[in-house]
Every structure is written in structure tokens, then in C-alpha cells.
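Structure, as C-alpha cells:
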Amino acid sequence: MNKVEILKRIDECEKARDFSAHTTPPNTKKILPVANNYDYMQKGFFTQLGCICGKTLFNIAKFVIPPYFRFKVVGKENLKGVKKAIITSNHINNMDSILIKRAVGHNKLRITVAPFNNYKSLLGKCMRGAGVMPIGESLPSLRHFSKAVTQYLGKNNYILFYPEGSLWWCYEKPRPLIDGAYFYAVKNNVPIIPMFFTFKNIKKKKNGIYKKQFILHIGKPIHPKDNLSSKENIAYLKEQNLAFNIKTYEDFYGKKLEYLN
């Protein structure tokens, strides 16, 4: 699908209020299944060697890629003093995790992805080495994933989730959020750091689509409350995160959030 077709598909999904739909079909032919005992902790000599290569490439990418998007960060001071957290962001480009890695600087970052993004190829090996964590689909693999999240948070990592559930290319509006990221924040008693991408149009291309500047807004950490139950805390964190997304959208674009009829 080209960009014009993708944008048309996004409009269709917005009108249908199908906000978690995949607007580009996932490629399931070159996928490495997420086994029940998937090695999230990256053990073994050769695996560790691959991690070094993957992290090196990812660190190079975080300096090479952002200038292409004229990348800008607002609110980076909100990361100060936060050693471990669940990061949430709208998912608007295949490269947005690299931009987030640039924004968090020297903080260690793990990136959760859908199982169909766990590729068999060299690219997949580099992605896993760089910190990608595919979410399992079976109950045993989800338990294994949950244990790994706890272990990485215990080692002072940031863990990135995309709680809107799918990638919508350069979509400006906030979408409804899914519970997963907030469940893990409550389970591990760590804050949510909300992030939200906005865009400025730079140059119109021949197909009518603009080249855009990407601006990442980082919100203040949102902590679980001691006087709330786990269920209430999940709802609270999600509500506060969505409120940040909506306020950022409305302040930046100067208009109320409205969806297509």
C-alpha cells in the first residue's frame, strides 16, 4: 500500500471507530513465533554478541535518523530522576522507537512489539539485540513476558508500550488506549511516562502528502496511587495518560479533538 492508500484506510477506520485496526496488513510469512520459553533476557555468548551488534546499530541510528524527521523534543526535563518506568507513545511511524531512544538519552530502553514484528531475518536479530521484546500470544508466553518486564524494570530500564494497539502512519489524533501498559506499571509499582508525537507540515510532495517535522512531547510521570486497587489504578493511569494526549493534541494544533463522522 502507498501512503495515499494508507491515509484513506486510516480515515475509514476512524469513521468506523475501529481505532486498533491494522491499517497496513502485517507480513506473517517471515515471522519467528514467540515460544512459551522465549529468551527475553538474551542469555548465551552468541546471543550477547548479537546484542552488542544490535545495540551498536541502534545507537548509531538514534543519531542518523532523527535529523531526517527534523526531530524535536518537548518536556525532556520530565525524565529527570526517573530511573525505571513504563513509557507510552502513539505509534505513528516505523522509526518512532528510534526517535524515542534519542529522546531518553542514556537511559536503557526496551521496546515491546506485536508478535508479527518478531522477524526471522538479520533485521529481526538486530532488533532483538537492540532491545525489542515481542509480546507472546499464549498464556505461558505472556507469563514469561510479564516476568521479563519485572526483571528489566528491576535493572532500571524504561519499557516502551504502544497502548493504542497498532501503527497509524502520521495520524495526528489521540486514540483510545488498551490496558496492557498500565497493568504492568501497577504490577511493578512504577510510573507511566506519557509521550505523544505531533507534526508540522514542512513541504508538500507530488502526491499531495506533506513531509513533516516530528515533535515528541514528554509528560510528567504518572504514579499509581496507594489508596486505589489494582483495577482502579489501571483505569486511573489510562485516564490520565489519555488526558495528556488529548491536551497535547488540542494545545499544539489549536482545535478540539473531533473524529470523522
Please report, for the Cα atoms of the chain, the Rg to one decimal and the Dmax as a whole number; what are they, in angstrom? 18.1, 56
Just to be sure I follow: if Rg is taken over the C-alpha atoms of segment 44-133 and Rh is the Kirkwood radius over the same atoms, what is Rg/Rh? 0.96
Which residues make up the longest stretch of the chain that has no trypsin sites (Lys or Arg not before Pro) in a DSSP loop with at most 15 other Cβ atoms within 10 Å? 156-204
Which residues does the label zone of A16 cover in segment 229-261, counting backbone N under 20 Å from a point 7 Å along Cα→Cβ? 259-261
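For K120, what charge total do you get from the other residues with a beta carbon under 10 Å from its beta carbon, if Lys and Arg give +1 and Asp and Glu give -1?
Working: positive: K29, K30, K125; negative: none.
It works out to a net charge of +3.
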In segment 196-261, the GluC sites (Glu not before Pro) that sit in a DSSP loop and have at most 12 other Cβ atoms within 10 Å of their own Cβ are E258
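Given K76/K238; K108/K204; K125/K200; K155/K200; K211/K256; K108/K187, which pairs have Cα atoms separated by over 31 Å?
Details: K76/K238 21 Å; K108/K204 37 Å; K125/K200 34 Å; K155/K200 37 Å; K211/K256 24 Å; K108/K187 20 Å.
Pairs exceeding 31 Å: K108/K204; K125/K200; K155/K200.
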Give me the net charge for the shell around F214: Cβ to Cβ below 10 angstrom, other residues only, Lys and Arg +1, Asp and Glu -1. +3
Virtual spin-label span in nm between D251 and R70, 7 Å along Cα→Cβ: 2.2
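Once you wrap a convex hull around the alpha carbon atoms of segment 1-154, what is its projected area averaged over all directions, in nm²? Walk me through the intermediate numbers first.
On the way: hull surface 43.9 nm².
Mean projected area of the Cα convex hull: 11.0 nm².
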For segment 143-155, just list the computed ³J(HN,Hα) in residue order, Karplus coefficients 6.51, -1.76 and 1.60, θ = phi - 60°, integers in Hz, with x standing in for Gly and Pro. 5, 5, 4, 4, 4, 5, 4, 4, 5, 5, 5, x, 9
Please give the net charge around F63, taking every other residue with its beta carbon less than 13 angstrom from that of F63, where Lys and Arg add +1 and Asp and Glu add -1. +3
Which ³J(HN,Hα) values in Hz, rounded to whole numbers, follow from the phi angles of segment 66-80 under the Karplus curve 6.51 cos²θ - 1.76 cosθ + 1.60, where θ = phi - 60° and Gly and Pro get x? x, x, 4, 8, 6, 5, 9, 10, 10, x, 4, 4, 6, 7, 4
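Read the figures in this text as sums done on the coordinates, not as results from a lab. Just so it is clear, the model here is predicted, and its values are computed rather than measured. Cβ atoms come from the backbone with ideal geometry, glycine included; neighbour counts cover every protein chain shown.
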